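Report on the structure given below.
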Amino acid sequence: MGDDRDGIFGRFVGSFAWHTSPIDWCEPNYAVTSSIVEFYNTVSNAVFLLLPGLLIRLFDPFAGAHSRRVQVVWLLNIVVGVCSAYFHATLSLAGQLLDEFGILWMLGTSFAFWTPKRLLKRLPRSVFGDRPEESFEKLMLCSTVVLTAMGCFWPFVNSFFLMITSVPVVAILISDVVRCRDPLARVVVYRCLVFWLAAVAVWLSDRFACGLWRRLALPGGHWLWHLVSALSAYQSIVYFVYRDAVVRSAAKDGARPAVTVRLWPSDRWRALGVAYVALDETKSGPAEMNGNAGEERCKNC
């Protein structure tokens, strides 16, 4: 019994040793400093710290009037950035698992919070009952816990799950972009899809075309993947928060303030502005969000 405990504890402690992860990205190790294994892959995670920090501030009025769930997801994005930086700085197995688990919990939480109601209505009542939203949230929680446990013993499960989760998100965005009537919300969707395509291309090139990056004297492409994937992910969250708030406001006959998509620092910055959901100050009151107003702004959400 003691040997088993020592073995498990020893493997746990050993997972924090540098270079214990089976993954080694294209960037040359220790190319900049002997203190960080993959320098550019590490420092590029700053985007996961700075951008959510700004978004927490921008979303504060919305969160106070509607729901603070979005702030939880921004905090999980920060956790992802910290864990990813630790992983690339050490290439340890523990760092890899913390990085993947952070992304897993961020995705699971987002699916639980903002999966479209029109999809949840299609779930079988015999399984999910008369309150499919609550049942689906519990399902996502249980699934995330199970996948986390499986990932501890079979780490390859993490990358498989993380790779396929973007598919339903992109499918929903593509189907919604032709329905959504808010011009800035459509801009957010288009930008999200463009950055998603760029993220896929960069990730594949870093994994399968490392020689090309080396010939260009560049430190691989994973650091760039951090940037474009963060820009794609945050904009998908912004859009799903917006569509959820519109539908819920319409369903409650204007019991909550109207919302709109804005860009910081100015709505004129369509290409570079940071998107967020704000209270719509052009409305005279919550009553203007009743009836079919929500469906008109985000049709068939």
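The values are calculated or read from the model by the stated rules, or taken from the named source; none is laboratory data. Small disclaimer: the values here were computed from a predicted structure and weren't measured. Every residue, glycine as well, gets a Cβ built from its backbone with ideal geometry; the counts of neighbours run over all protein chains shown. We work out accessible area using only protein heavy atoms, side chains counted, and drop any ligands, DNA or RNA first. Shrake-Rupley method; radii C 1.70, N 1.55, O 1.52, S 1.80 Å.
Across region 114-144, the number of residues qualifying as touching a residue at least 60 places away in the same chain (Cβ under 8 Å) and open to solvent by less than 40 Å² (accessible area, probe 1.4 Å) comes to 2. Does region 89-100 include one or more residues that are open to solvent by 40 Å² or more (accessible area, probe 1.4 Å) and in contact (Cβ under 8 Å) with a residue 40 or more places away in the chain? Yes, because at least one residue in region 89-100 is open to solvent by 40 Å² or more (accessible area, probe 1.4 Å) and in contact (Cβ under 8 Å) with a residue 40 or more places away in the chain. Based on what the data block shows, is VAL170 free of Cβ contacts under 8 Å to residues at least 24 places away in the same chain, closer than 26 Å to VAL238 by Cα and surrounded by 11 or more Cβ atoms within 10 Å (Cβ to Cβ)? In short, no. When region 15-55 is limited to residues that are free of Cβ contacts under 8 Å to residues at least 40 places away in the same chain and open to solvent by less than 50 Å² (accessible area, probe 1.4 Å), the one that is nearest to ASP99 (Cα to Cα) turns out to be ALA46.
To keep it simple, each residue is scored yes or no on (1) closer than 17 Å to VAL261 by Cβ; (2) in contact with a Gly (Cβ under 8 Å, 6 or more places away or on another chain); (3) at pLDDT below 95.
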{"residue": "VAL47", "(1), (2), (3)": "no, yes, no"}
{"residue": "LEU51", "(1), (2), (3)": "yes, no, no"}
{"residue": "PHE59", "(1), (2), (3)": "yes, no, no"}
{"residue": "VAL70", "(1), (2), (3)": "yes, no, no"}
{"residue": "LEU76", "(1), (2), (3)": "no, yes, no"}
{"residue": "GLY81", "(1), (2), (3)": "no, no, no"}
{"residue": "SER84", "(1), (2), (3)": "no, yes, no"}
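The residue of region 150-164 that is most open to solvent (accessible area, probe 1.4 Å), among those that are farther than 17 Å from SER15 by Cα and not polar (S, T, N, Q), is PHE160. Restricting attention to region 201-239, the residues that are in contact (Cβ under 8 Å) with a residue 12 or more places away in the chain and either among the basic types (Lys, Arg) or over 19 Å from GLU38 (Cβ atoms) (or both) total 11. For LEU147, the test of being open to solvent by 50 Å² or more (accessible area, probe 1.4 Å), farther than 23 Å from ARG243 by Cα, part of a helix (DSSP H, G or I) and not hydroxyl-bearing (Ser, Thr, Tyr) is failed.
Are any of the residues in region 189-196 of a type in the set (Val, Ile, Thr) and surrounded by 14 or more Cβ atoms within 10 Å (Cβ to Cβ)? The answer is yes, given that some residue of region 189-196 is of a type in the set (Val, Ile, Thr) and surrounded by 14 or more Cβ atoms within 10 Å (Cβ to Cβ).
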